[in-house]
Amino acid sequence: EALTAVVAPAVAAATAPAPAAAGRTMEEVVLDALRPMLKEWLDANLPALVEAMVAKEISRITGKRG
């Protein structure tokens, strides 16, 4: 019982959500930081990825390998 009394408040404090700094959560800060990087990567790589996937699907449908 003594161990539970000591550990329970520490566990409750560890599982409680951290207070948001200036009204923003860490998740929001990270998402805001990642969004421009993700957009840049998608702008640079998405057209080639889509083109390759479409070509692969066309080859599969037509039975041609290429």
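Give segment 8-37 a look and list any residue that's β-branched (Val, Ile, Thr) and modelled with pLDDT of 90 or more, or say none.
Restricting attention to segment 8-37, the residues satisfying the condition of being β-branched (Val, Ile, Thr) are 11, 15, 25, 29-30.
Listed by number, the residues that qualify are THR25, VAL29, VAL30.
Determine whether GLU40 is modelled with pLDDT under 95 and within 20 Å of the chain's Cα centre (by Cα). Show your work before the answer.
Values: modelled with pLDDT under 95: no; within 20 Å of the chain's Cα centre (by Cα): yes.
Criteria not met by GLU40.
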In segment 23-66, the residues that are surrounded by 10 or more Cβ atoms within 10 Å (Cβ to Cβ) and of a type in the set (S, T, N, Q):
THR25, ASN45, SER59
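The values are calculated or read from the model by the stated rules, or taken from the named source; none is laboratory data. Bear in mind that the values here come from a model prediction, so they are computed numbers and not experimental data. Here the Cβ is made from the backbone with ideal geometry for all residues, glycine too, and neighbour counts use every protein chain on show.
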